[in-house]
Structure formats: C-alpha cells, structure tokens
Amino acid sequence: MPVERMEPRGAEKLHKYYEVYETIGSGGFAKVKLGRHILTGEKVAIKIMNKKDLGDDLPRVKVEIEAMKNLSHQHICRLYQVIESPTQIFMILEYCPGGELFDYIIAKDRLSEEETRVFFRQIVSAMAYVHSQGYAHRDLKPENLLIDGDHNLKLIDFGLCAKPKGGLGYELMTCCGSPAYAAPELIQGKAYIGSEADVWSMGVLLFALLCGYLPFDDDSCVVLYRKITRGKYDNPAWLSPGSILLLNQMLQVDPKLRLAVHQLLEHPWVMKDYNSPVEWHSRQPLGHIDEDCITEMAVNMKRSRESTTALVKEWRYDHITATYLLLLSKKQRGKPVRLRMEPHVTEEAVSPLHAQLEVKKSLHFADDEDAPILGALDLCSDYIDDCPWVPVSRQTPQGVREKTERIADDKRLPSPLKKRCIRSPPFERHQVTGQHHQEKRHKEHQHAKENRENVVLQEKNADTFALPPPRTPSSTKKNTRPKNVLTTPNQNGTPKAAGSGSKEPVKRKVAESKESNNIEILPFSPERRSRSLDMAGSGDSGKKRRGGRVFGSLERGLDKVITMLTPSKRRALRDNPRKIKAQYNVTLTGQTNPDDVLNQILAVLPEKNVQYSQKGYTIKCRTWDDFGKVTMAFELEVCLLHKPEVVCVHRQRIKGDAWVYKRLVEDILSTSSI
Ligand code: ADP
C-alpha cells in the first residue's frame, strides 16, 4: 500500500493535520513526539525519522510500517497514518501515556506474581496474534511494551520483525534483537524458527517482570553469549514453584523442548485466578467498517456513505485512514463519534477532510479538558525549540517576543494560563505541561474500564502507579511511615558506572564475540548494537539485585525529611523547584535542601563521564560512545514532592539502553549520597 507522498515538505502536511508537542521518547533512529489529531482531537504519538540518519536502516522502517499496517490488536500499538517526504518519515501511532514497561518494572523493583500475570497474559495474547498473522517479532523486551491510558500493554517496534514467505515454520537466519533477550539458536547463528525464538524472549521478559533483573547478563558479550547458550540461570528465593516451572519450560535451550505460544495460552500458571485461556483474537479486526464512523465522516466530507466507505476501504494509511481509526478509537472508549466541524468548510475535490484542516487555529477542545493547555503550549517557545521544522526566526528573542504578544492576544487562552505562558521561562513551562500530563494520565488511569483483566487487579491495588510498593517483606515489616512514602534503606555500595566494565570500542567487542563464538554479526546499526552491547554494569547477579533496589529504595530517611522541613524552609523552597505528585519515576531523597541535592548530583556527573547541561533544577544528561555518538540521554530534575513536601529527583530516560540507564542513574544517585 502506498504511503502518502508529501510535497513539498512532510512537516508542513504534518502540521496541517496534527498539533505537535513535546518529545516523549527517542530510539535508535526516531524521535517520538506527542501530537493531537486536529479533526478528532485525539492524542497521538508521532514517530519522526530522518531518512539521511536512517541510512542502511531505512528498510527496517519500511518493514515496520508494512507489519503495522497488517496488525490490528488490542495489545499492539496501532498505526494510523504514514507521511513521507523526500527527507523524513512520520509514523502517526496510538499514544501510550503510561511509558515503557521497563520503567514500570524498575520503579517497582519487580512485580508481584499477580501483576506479572496480568501483563504476561497480554504479552501472550499479542504474540499469539502476531504469530497467527505469520510474523515473528524478534525484539521482544520491556522497552518495546508500552502502557496505555488504561494500564494495558501495547507492543511496539516491529522494525526487526520477519514474515517468512513460506510461513512461520520456515527457518530464519538473521541474528537480531537485543542480545540479553536473544534465544541461544539465534546468537549461535543457526537457522531458527522465529516464533520459537520469540518464546525464549518472552521467558526472559517474564523473568525480568518477576525478578527486576535479567536472567542472563554480563559485562562481556562473550560471557553473556556463553551464559545464554548454556541456559543456566539462578531462580531467586521469592519465585513460586509455578513460576520456576514456567520459566524453565520457556527458557529451554533446545527450541523443540521449549513451550509453544499456543501452549502458553492455557498454561496452568497463566490461567491461575482466571480459569480461562488467554483471549488472543483481535477485538479490532483489520478491515472492519464501523457504520457510525462512516456516517460521521460522510457528513463531514459531504459525501455519500458509500463513497466514504470506499475511500476508507482503500486503507491508504493517509489522513482518511487516520481519521477513521481515531474516530473508532473514540467510539471504543465511549466518547462521542464526532469530528470537529467548521462553519465555512470548502469542499475539496480529492479529500474534503484535508480542506478543513487548514482552519486549525480556531478549533476548540470541548471534550478534553487538557486541550487548552496543549493549545497554549503550541504557542510556547519551549515547544518550538525542540521542533526541527519550525523556522529558526521563530526561535529568536524577537520570535519569542512575537509569540508572547500572540499569547496575550489569544482569546482562546484563559488568563491564568496566559500569565503562566508569558511569565515563566520556556523550560519551566515545559515542566508544567509534563506535570499536567501526569495528572491527566492519572485521571485517565482512574477512569480505565475497558480491560477486564486489569480492572480486577487495579481494584486490588489501587495505588499501583502512584509509588513503588515495599519490595520485600522485610522492608515493610517495621515501617511505620505513611504508605505513600514507604521505602527501604539504601544499602547499596556504589555500583560500577554503567559501561565502566569495558572501555574498549564497541566494534572490537563485536569482533571479539564473533571470533570466539563464530557468531554472525548482528545486522543492526552501531547505535542499536551499542545499546545492546553496552549492557555492562554490575557483575554478578547478587550485585544486580542490590543495584535493582535503588530506584525503589532511595526514598529513604523520609521521616527525617518531614521533620526537618520546617514551615519557613518550605516557604523558601516553594518558589524554586517544581512541585510534583508522586510517580513511579520519582526518587525521594533524604535531604531537605534542593540546592544541595542539585549540587551533589552535578558534582558526581563528570566522574561518571556524563556530560550535562543544567537549566534551573533540571539536568539534561548525555553519554557518548567512542565514536562520538550519543549512547544515552536522560533528564534528572530536582523537585519537591507535593504531599508531603520533600525533595525528590524526577528521572526520565530519553534515549539509550534501558538497563544501562537504570544502572547509571542508580550509580549517580547513590554516589551523590542524596
Ligand atoms: P526506535 O524504533 O528508534 O527504537 P521506538 O519505536 O522504540 O524507536 O520509540 C522510541 C521511544 O519512544 C519508545 O521507547 C517510547 O518511550 C517512545 N514511544 C514510542 N512509541 C510511542 C507511543 N506510541 N506512545 C508513547 N511513547 C512512545
């Protein structure tokens, strides 16, 4: 199916249909921004790729696009539209506000068996569907599972997927994915069956959910590969016999002895407390036509229902497809099936929907309470700073001044918001938005009703998302602190700096592993390769386990903080760092002075080879590989927790391998002794 060709610039067309907001993620090749589809008012994720940067990986993107066009499932991130220009590709995707499963696991250190089961059933459901469509995913890991507004998982990143021509039973040869999750037959360079390799990765994923660290891990790739090919790992004491058995059945070195996905669907561990097999059929089958959506589009486009249906059925993944799928998504969430109408819409021969999009400025957001804020932010310069297609002139002081005047004149904005936009420095405003999103996300989460499986668990565990729960029975035993601020003492020594296990260039590592194991070189970019190979850090699993506690456990000494924060100190702090609500990516400190915390972190960063820039209480951090490429980007922001007012550090991974990030930030925070 053809993608929509853009003339003259893809970005212009993107802006015609979507409002574009802040960057919410970044991968090996792409930057992902939050967006809003103007006509439906729905939020979307916009994956932006520069063709020049993609280089040899361009086919990977094409593979991903083709796969996503063919997959429609409740646990797979939906593709809505593809916009292509001579230089860029934009993929418009279903927006998943809950972040990566990886961040969720590390925030909680590990998940309970019950919560793991909820997520694992969804993973099995998605994978059974993917396999039923003839695909193998080949890059399953918690970074590629996002959490949506209803706390359900959505699988992303199909760039490495394969659809063997002769069916899934046919053997594949390309070794790909992230080494820690790769099946033994795959890293040995043997021919392998994609679905069998996926089950291995699901086993590693299950282990990571239940344990909070990887079953096979090592600084050295060669040693890591050896561990994987032997298939030996330690079961921690907290695993139930049922979990141990299931892991063992999935992490079988011989693929023929490994469970198949169809066996997982009704495995006793998977069925426990449910008494029903995993439901894996798509609830949103491809090609389904919803009459209400068609009617709304037909009215809007001033076309007959028949011709509208014919247009939608072309599935061109253009703006028609996006409008239809987003309307359908609204309907499925119980929202009105409505498109935003403008009083004077001119009909356009090819696509009337497009004509309406020119009038973006006067749209309103009646059914979405955060829309005015987003609308306001469209006018804020922090947004354009980060937006590659915004003319440079708009980023000059003059441009900002003009913008300020526009904000002041804009009748859509409530005055308090205008004041905030005009008064605050751009950076601060950005953070205000983030907080707003989190609050909104929390609300959405509270209202989540669609997923039967999760509802049960959420009822049991209402504060799941708010704060890490106590991680071990011992940590909760004598804890008399308020529930919201439960913590375990930081018993960590200073873990090794991420990547410090080896200073040798990535290329040499690859060569070495190839030499010693006669393994085919992984055919992905240096960036992706380094993400995987850089899985350095803590050595033995014992160390890792201790390290794994830090995110959940730096929330220590809180009693002390609460006592020491006298009202006068609190007043003095109030004007400075941002006040935030507790979230799972926030680490509480044992300190009372945000400036001290900030300075302590800043002092440690050079030691850890982290380059940074600081704006107010936010530190933007980066690490580089030996070839001058950014391997990791993340932000640390010193904040005050809303209730009770204590100093905390808000962490946000922007780019880079998740486990390396985890270790590095643990290292920074524990070394700064905050
Ligand atoms: P790449 O293909 O370059 O690896 P990804 O597709 O993995 O990029 O996206 C990079 C990051 O952007 C993800 O890890 C995630 O944090 C964020 N992201 C991607 N898609 C979405 C989405 N649909 N909703 C929210 N965040 C997303």
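The values are calculated or read from the model by the stated rules, or taken from the named source; none is laboratory data. Not measured: the values here are computed from a predicted model. Positions of Cβ are backbone-derived with ideal geometry, glycine not excepted, and every protein chain shown enters the neighbour counts.
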Q. Restricting the search to region 608-647, which residues are buried (at least 20 other Cβ atoms within 10 Å of the Cβ), part of a loop (DSSP other than H, G, I, E, B) and modelled with pLDDT of 90 or more?
A. 610, 617
Q: Give the residue, chosen from 353, 328, that is at pLDDT 90 or above and part of a helix (DSSP H, G or I).
A: 328
Q | The listed residue being assigned to a loop (DSSP other than H, G, I, E, B) and surrounded by 12 or more Cβ atoms within 10 Å (Cβ to Cβ), out of 299, 253 | A | 253
Q) Residue check: is residue 631 hydroxyl-bearing (Ser, Thr, Tyr) and away from the ligand (no atom under 16 Å from the Cβ)? A) no
(Q) When you check residue 33 against the structure, is it of a type outside the set (S, T, N, Q), within 15 Å of the ligand (Cβ to nearest atom) and within 20 Å of the chain's Cα centre (by Cα), yes or no? (A) yes
(Q) Condition (residue is within 13 Å of the ligand (Cβ to nearest atom), in contact with a strand residue (DSSP E or B) (Cβ under 9 Å, 6 or more places away or on another chain) and closer than 24 Å to residue 330 by Cα) applied to region 101-108: is it met by at least one residue? (A) no
Q) So which of 48, 89 ends up being within 17 Å of the chain's Cα centre (by Cα) and more than 9 Å from the ligand (Cβ to nearest atom)? A) 48
Q. Taking residue 10, is it of a type outside the set (Val, Ile, Thr), in contact with a strand residue (DSSP E or B) (Cβ under 9 Å, 6 or more places away or on another chain) and either within 14 Å of the ligand (Cβ to nearest atom) or without any contact (Cβ under 8 Å) to a residue 60 or more places away in the chain (or both)?
A. no
Q) Out of region 142-165, which residues are among the aromatic types (Phe, Trp, Tyr) and either modelled with pLDDT of 95 or more or more than 10 Å from the ligand (Cβ to nearest atom) (or both)? A) none
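Among the listed residues 125, 112, 72, identify the single one that is of a type in the set (S, T, N, Q), more than 10 Å from the ligand (Cβ to nearest atom) and surrounded by 23 or more Cβ atoms within 10 Å (Cβ to Cβ).
Exactly one of 125, 112, 72 is of a type in the set (S, T, N, Q), more than 10 Å from the ligand (Cβ to nearest atom) and surrounded by 23 or more Cβ atoms within 10 Å (Cβ to Cβ), namely 125.
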Q. Residue check: is residue 204 surrounded by 21 or more Cβ atoms within 10 Å (Cβ to Cβ) and at pLDDT 90 or above?
A. yes
Q | Filtered residues of region 634-650 (kept if of a type in the set (D, E, K, R) and within 16 Å of the ligand (Cβ to nearest atom)) | A | 635
Q) Does at least one position in region 234-246 carry a residue that is buried (at least 22 other Cβ atoms within 10 Å of the Cβ), more than 30 Å from residue 92 (Cβ to Cβ), at pLDDT 90 or above and not small (Gly, Ala, Ser)? A) yes
Q) If you check every pair at least six apart or on different chains, which have Cβ atoms under 6 Å apart with a residue in region 662-674 that is of a type in the set (Val, Ile, Thr) first and a residue that is not in a helix (DSSP H, G or I) second? A) 665/651; 671/494; 674/589; 674/591
Q. Looking at 191, 197, which is the one that is touching a strand residue (DSSP E or B) at 6+ places or on another chain (Cβ under 8 Å), farther than 30 Å from residue 333 by Cβ and modelled with pLDDT under 90?
A. 191
Q | Evaluation of residue 136 against (1) in contact with a helix residue (DSSP H, G or I) (Cβ under 7 Å, 6 or more places away or on another chain); (2) within 16 Å of the ligand (Cβ to nearest atom) (one fails), failing number | A | (2)
**Q.** Residue satisfying condition, being on the phi > 0 side of the Ramachandran plot, surrounded by fewer than 23 Cβ atoms within 10 Å (Cβ to Cβ) and at pLDDT 95 or above, within set 41, 55, 99
**A.** 41
Q. Just to be sure, is residue 283 assigned to a loop (DSSP other than H, G, I, E, B), surrounded by fewer than 16 Cβ atoms within 10 Å (Cβ to Cβ), touching a residue at least 40 places away in the same chain (Cβ under 8 Å) and among the charged types (D, E, K, R)?
A. yes
Q. So which residues in region 651-674 are under 16 Å from residue 587 (Cβ atoms) and within 16 Å of the ligand (Cβ to nearest atom), if there are any at all?
A. 651, 652, 653, 661, 662, 665
(Q) Condition first: more than 27 Å from the chain's Cα centre (by Cα) and aliphatic (A, V, I, L, M). Can you find one or more residues in region 266-284 that meet it? (A) yes
